[in-house]
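Colleague: Okay, handing you the structure first.
Every number in this text was worked out from the coordinates using simple rules, so none of it is lab data. On a predicted model such as this, the values are computed, not experimentally measured, just so you know. Using ideal geometry, Cβ is built from the backbone for each residue, glycine included, and neighbour counts are taken over all protein chains shown.
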Amino acid sequence: MKHTILYDASKQEDVAKAARLLQEGGLVGIPTETVYGLAADALNEEACRGIFQAKGRPADNPLIVHICDIKQLYTLVREVPETALRLAEQFWPGPLTIILPKAPCIPDAVSAGLDTVAVRFPSHPAAQAIIRESGLPLAAPSANLSGHPSPTTAAHVMHDLGGKIDAVLDGGPCSVGLESTVITLAADPPRLLRPGGVTLEQLRAVLGEVILDPAVMNPLAEGAAAASPGMKYKHYAPRANVILLEGGREAFLRYVNSHRQNAGALCYAGDEAELQVPAVCCGGEGDSASQAHELFDALRRLDGLGVSTVYARCPGTSGVGLAVYNRLIRAAGFEVLKLE
Ligand code: TXA
Ligand code: MG
């Protein structure tokens, strides 16, 4: 067991100490505007292998490399197409990850043997500060144990990885709350692999045609290769069996209240008062940004209800709602029940 140090991102000397750990090949949990990441020097193969070990992450699932200056992008990829520059101009710094053919300096551990690399320029000031202070591109997947909901607070990171990593830099709760949008420009036309805070509608407004990868909404067919390896794993799942209920508010309340045995609910603000089962609230109905912000904490809190089935309201799929739906449907193992 390691002693995991908790650093405070508002203190310059703490940021400097965390940056030094990274320069020495250490593993540090860092805040970003999406979720906390488990960072290591992206050009240090051994340090990056440590990320996989700490998370229990399958070796075929590649990592995102984080930068704090668009100039760094040119060192990490073979070529920067004009489409990448247009996306960067609109959405960086921010919750968008761009996949491009990788430069030879990218270790195999980072790209998991693929010929591409995923790059993101986060907007969180503490994320930018530690990338700048370390002077390194930082490889960082979400800082959860593999399969758990991604962490949106330093306490979540400590809960999952305390004792396994060198430090966590506490920068407060994450504002977006879901992982970044992932788009590949290594395919033509560009393809959305994971929805997030930058929406499909926004991407199409900049690029024109963008294909929605089928794995965003549907389970992968048996034996099919995933365009984004992370999409094929069971994810975000609380201990209870989650079932999405599609239908209006009244139908949801009626269904849950007549199926109370060992059941709990994942609902919207205002629903709890009318539910006769333990409930966890996740944002407001029709307010995708608040749902995104609260979802992962809500999924973690469901474990505390001690129930065996959780009925969840099915979110809308426009804008950021597509990202909320994408995560919830995985938490539910694609189990959706249509209510009359
Ligand atoms: O918001 C985020 O993206 C957070 C923060 C820390 O930046 N990071 C994050 O990383 O969510 P991770 O590793 O949990 O998710 C990265 C996703 C995975 O589904 C992975 O398979 C995919 O991006 N990915 C990474 N590199 C890829 C590549 N070269 N080709 C296709 N998919 C890739
Ligand atoms: Mg993850």
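Colleague: Projecting each Cα onto the charge dipole of the chain (Lys/Arg +1, Asp/Glu -1 at the beta carbon, about the Cα centre), which of 137, 77, 326 comes out farthest on the positive side?
Modeller: It is 326, whose Cα lies furthest towards the positive end.
Colleague: Can you tell me, using C-alpha contacts under 8 Å and at least 6 residues apart, the relative contact order of region 219-285 as a whole percent? Before the final figure, lay out the partial values.
Modeller: Values: 50 pairs, mean separation 13.9, N = 67.
Reported relative contact order: 21 percent.
Colleague: Let me ask something else about it. Assigning unit charges at the beta carbon (Lys, Arg +1; Asp, Glu -1) and nothing else, what dipole magnitude in debye, to the nearest 20, does the chain show about its Cα centre?
Modeller: 480 debye
Colleague: Which order do the peptides 314-323, 271-280, 204-213 take when ranked by the mean count of other beta-carbon atoms within 10 Å per residue, highest first? Walk me through the intermediate numbers first.
Modeller: Numbers: 314-323: 20.8, 271-280: 16.6, 204-213: 14.5.
Per-residue mean Cβ counts within 10 Å order the peptides as 314-323, 271-280, 204-213.
Colleague: Amide H neighbours of residue 123 under 5 Å, counting only residues 5+ apart in sequence or on other chains, H built in-plane at 1.01 Å?
Modeller: 33, 94
Colleague: Can you give me the long-range amide H partners of residue 198? Hydrogens built in the peptide plane at 1.01 Å from N, cutoff under 5 Å, separation of 5 or more residues or another chain.
Modeller: Hits under the 5 Å cutoff: 181.
Colleague: Now, a different point. Starting from the Cα coordinates of the chain, work out the convex hull volume and express it per residue in Å³.
Modeller: Given the Cα convex hull of the chain, per-residue volume reads 129 Å³.
Colleague: Net charge near residue 55, counting Lys/Arg +1 and Asp/Glu -1 over other residues with Cβ under 12 Å of its Cβ?
Modeller: Net charge in that neighbourhood comes out at +2.
Colleague: Right, here's the next one. Out of residues 5 or more away from residue 312 or on other chains, whose amide H comes under 5 Å of its own, with H placed 1.01 Å from N in the peptide plane?
Modeller: Those lying under 5 Å, H to H, from residue 312 are 243, 244, 245, 266.
Colleague: Using alpha-carbon positions, what is the distance between the centroids of region 187-208 and region 291-328, in Å?
Modeller: 23 Å
Colleague: Output the antiparallel fraction of DSSP beta bridges having both residues in the chain, as a percent to the nearest 5.
Modeller: 35 percent
Colleague: In deg cm²/dmol and to the nearest 500, what is the mean residue ellipticity at 222 nm of the chain if only DSSP H runs of at least 4 residues count, each as -39500 (n - 2.57), divided by the residue total?
Modeller: After summing the helix terms and dividing by residue count, I get -9000 deg cm²/dmol.
Colleague: Averaging sequence separations of C-alpha pairs under 8 Å and six or more residues apart, then dividing by the length of the chain, give the relative contact order as a whole percent.
Modeller: This gives 19 percent for the chain.
Colleague: Cα-Cα over 31 Å: which of 11/71; 11/55; 11/102; 2/71?
Modeller: Correct reply: 11/102; 2/71.
Colleague: Place a point 7 Å from Cα of residue 261 in the direction of its Cβ. Which residues in region 301-320 have their backbone N less than 20 Å from it?
Modeller: Zone members listed by number: 306-312.
Colleague: Per residue and in Å³, how big is the convex hull formed by the alpha-carbon atoms of region 95-166? Intermediate values should be presented prior to the final figure.
Modeller: On the way: hull volume 9.0 nm³, N = 72.
Spread over its residues, the Cα hull of region 95-166 gives 126 Å³ apiece.
Colleague: Give, rounded to the nearest 20 debye, the magnitude of the charge dipole that region 48-98 has about its Cα centre when Lys and Arg contribute +1 at Cβ and Asp and Glu contribute -1 at Cβ.
Modeller: 260 debye
Colleague: Taking 0.36 nm per residue of separation and subtracting the Cα-Cα distance, what length does fully extending residue 218 through residue 8 add?
Modeller: Numbers: separation 210, 0.36 × 210 = 75.60 nm, distance 4.01 nm.
Result for the pair: 71.6 nm of gain on full extension.
Colleague: If you count the DSSP beta bridges with both ends in region 1-154, what percent of them are antiparallel, to the nearest 5?
Modeller: Here the antiparallel bridges make up roughly 80 percent for region 1-154.
Colleague: Would region 240-340 count as rounded, prolate or oblate if I go by the C-alpha gyration tensor, calling it rounded below 1.5 in a/c and otherwise prolate when a/b exceeds b/c, oblate otherwise?
Modeller: Because its axes are fairly even, with a/c under 1.5, region 240-340 counts as rounded.
Colleague: Stokes-Einstein at 37 °C, 0.692 mPa s, Kirkwood radius from Cα pairs: D for region 238-282 in µm² s⁻¹? Provide the component values of the computation, followed by the final result.
Modeller: Numbers: Rh = 10.7 Å.
D = 306 µm²/s.
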